[in-house]
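**Student:** The structure that follows is given in the form of structure tokens.
The values are calculated or read from the model by the stated rules, or taken from the named source; none is laboratory data. The structure presented is a predicted model; accordingly, all values stated were derived computationally and were not measured. Methodologically, a virtual Cβ is constructed for each residue, glycine included, from the backbone with ideal geometry; neighbour enumeration extends over all protein chains shown. Ligands, DNA and RNA are excluded from the accessible area calculation, which covers all protein heavy atoms including side chains. Shrake-Rupley method; radii C 1.70, N 1.55, O 1.52, S 1.80 Å.
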Amino acid sequence: MTGRTETLLTHAGRSPDEQWGFVNTPVFRGSTVLFKSLDALEAANQPYLYGRAGTPTTDGVEEIITALEGAHATQIVPSGLAAITVALLSVLSSGDEVLITDSAYEPVRQFADGYLARMGITAKFYDPRIGAGIVDLIGPKTRAIFAESPGSGTFELQNIPAIAGVAQARGVRLIVDNSWASPLFFKPLALGADIVIHAGTKLFVGHSDAFVGTISTNAECWPAVAATRKLLGFYTSPDEAFLTARGLRTLSVRMKAHEARALELASWLESHPLVKRVVHPALPSHPDHAIFKRDYTGSGTLFGFLLPDAPREALAAFLDGLTLFGLGYSWGGYESLIIPFTPGPRRTAVPWREEGRLLRIHVGLEDIEDLKADLEAGLARYAELVDRP
Ligand SMILES: *Cc1c(COP(=O)(O)O)cnc(C)c1O
């Protein structure tokens with residue numbers, strides 16, 4: 001399937017002619033696939049042999065993401081974290097070394113420390129703003145670089161073309177977590193990355209009701225990714241795949257609405273007297289804004305802002321009294337969320353030096369004036385308790 005983005009989102013990954021004309025690919029729930037004869041069983045050349053390998057429902061999602069990312073192929077997996085672990089395991093072997101951005105989604109660090117280390121694989125964490133300087137960290141055992149741009153808690157943008165240039169020259173695989181921008185606004189494979197992963201749970205699903213991950217690769221990395229997923233036995237539920245395909249059909253309109261609201265709310269917070277700093281890569285005030293303008297065609301729903309330090313009661317008064325912003329993990333759904341984020345103890349390569357209390361917002365699809373009013377009242381509650389000893 002070819003076409004421009006919004007046409008792909010609408011038409012890729014479904015074949016009404018093969019399903020009695022019904023528009024959507026149904027939920028194919030099944031383990032066993034029947035063969036007509038011993039000949040057919042032995043030939044094993046049917047499109048489907050066993051449900052664990054995939055179904056038309058999961059294949060449909062893979063086809064959409066492959067088209068959007070400009071990839072050779074895509075593998076769907078049961079969660080965003082599974083996409084990361086399968087991608088890493090597909091390129092790493094015992095004795096190897098992997099470079100991981102210090103801003104990575106926290107469970108990536110836990111996987112490196114708690115599992116890769118046990119397998120004899122060393123992880124070194126690097127400054128997300130290292131750019132081409134990453135060449136100095138590459139040793140004879142370095143096999144892979146893991147990037148996440150922007151970091152989903154601290155929002156540093158990474159210089160992916162520069163890192164990709166070094167990785168290619170040194171024969172190192174570059175894996176990029178592209179969950180924030182989605183393939184609508186950023187295409188790492190076109191900039192030289194080898195593997196792109198998504199927490200499809202977030203923007204693709206878009207309704208906070210399913211878990212899914214995707215791994216898209218260039219031709220070279222595809223056999224290893226497909227084999228690793230198969231050997232590990234990951235199976236993705238067709239129900240989750242159906243909800244992912246349903247979410248993807250409206251991804252473009254949702255992203256534009258999220259983007260506009262996030263930008264307006266971020267600018268509004270930037271002018272609020274209590275707010276120390278807003279951390280949103282699409283704002284000119286962001287230190288990596290030049291990279292944003294060069295490499296991205298739009299921005300995500302997620303950003304951070306810093307408030308002056310205050311006693312815990314101030315934070316509780318702010319968050320507990322919010323009526324529209326939910327307090328919870330994840331993001332990408334239609335509803336707005338807020339969460340305090342504490343980067344300090346998570347960093348090992350570059351300390352987090354910003355003063356103040358960092359909060360992360362996911363801007364949903366509510367009316368923007370209602371969202372501002374909810375935050376305005378919360379900030380007033382915070383301000384009242386800021387100076388209490
Ligand atoms: C949530 C998230 C993940 C993990 O996705 P799950 O589906 O929750 O496992 C990975 N990367 C980023 C940037 C995320 O925000």
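**Student:** Using a 10 angstrom cutoff on alpha carbons, build the Gaussian network for the chain and name the most mobile of 66, 342, 154.
**Tutor:** 342
**Student:** If you plug each phi of segment 244-257 into the Karplus form 6.51 cos²θ - 1.76 cosθ + 1.60 with θ = phi - 60°, what whole-Hz ³J(HN,Hα) values come out, in order, with x for Gly and Pro?
**Tutor:** Here the 3J(HN,Hα) series is 5, 4, 4, x, 4, 4, 10, 4, 5, 5, 5, 4, 5, 5 Hz.
**Student:** What is the set of long-range amide H partners of residue 123 at a cut-off below 5 Å, with H atoms built 1.01 Å from backbone N?
**Tutor:** Hits under the 5 Å cutoff: 98.
**Student:** About the Cα centre, and with charges only on the beta carbon of Lys, Arg (+1) and Asp, Glu (-1), how big is the dipole of the chain? Nearest 20 debye, please.
**Tutor:** Here the size comes out at about 720 debye.
**Student:** Could you grab the relative contact order for segment 115-246? Cα pairs under 8 Å, six or more apart, rounded to a whole percent.
**Tutor:** RCO, segment 115-246: 17 percent.
**Student:** Return the loop-located trypsin sites (Lys or Arg not before Pro) in segment 1-101 (DSSP other than H, G, I, E, B) with at most 10 other Cβ atoms within 10 Å of their own Cβ; answer none if there are none.
**Tutor:** Sites meeting the loop and neighbour criteria: 4, 36.
**Student:** Okay, moving on. Only sites in a loop by DSSP and with at most 12 other Cβ atoms within 10 Å count here; which trypsin sites (Lys or Arg not before Pro) in segment 83-149 make the cut?
**Tutor:** Sites meeting the loop and neighbour criteria: 141.
**Student:** Okay, next question. Cut-off 14 Å, label point 7 angstrom out along Cα-to-Cβ of residue 346: give me the residues of segment 82-111 whose amide nitrogen falls inside.
**Tutor:** Once the point is set 7 Å along Cα→Cβ of residue 346, 101-111 turn out to lie under 14 Å by backbone N, inside segment 82-111.
**Student:** Using Cα pairs closer than 8 Å and at least 6 residues apart in sequence, work out the relative contact order for the chain, in percent.
**Tutor:** 17
**Student:** I would also like to ask the following. Provide 119, 1, 255 ordered by accessible surface of protein heavy atoms (probe 1.4 Å), highest first.
**Tutor:** Ranked list, largest accessible area first: 1, 119, 255.
**Student:** Moving on to the next point. Choose one answer from 107, 56, 128: the residue with the largest mean-square fluctuation in a GNM of the chain with alpha-carbon springs under 10 Å.
**Tutor:** Result for the chain, Cα springs under 10 Å: 107 fluctuates most.
**Student:** Please sort by residue number the trypsin sites (Lys or Arg not before Pro) in segment 287-389 whose DSSP state is loop and whose Cβ has at most 15 other Cβ atoms within 10 Å.
**Tutor:** 353
**Student:** Taking 7 Å along the Cα-to-C-beta vector as the label spot, tell me the residue 329-residue 141 distance in nanometres, rounded to one decimal.
**Tutor:** For residue 329 paired with residue 141, the spin-label model returns 3.1 nm.
**Student:** With a 1.4 Å probe and all protein chains left in place, how much accessible area per residue does the chain have, in Å²?
**Tutor:** Heavy-atom accessible area per residue stands at 44 Å².
**Student:** Just check segment 316-389 against the gyration tensor rule for me: Cα atoms, a ≥ b ≥ c as the square roots of the eigenvalues, rounded for a/c under 1.5, and otherwise prolate or oblate depending on whether a/b exceeds b/c.
**Tutor:** Judged from the Cα gyration tensor, segment 316-389 comes out oblate (a/c at least 1.5, b/c at or above a/b).
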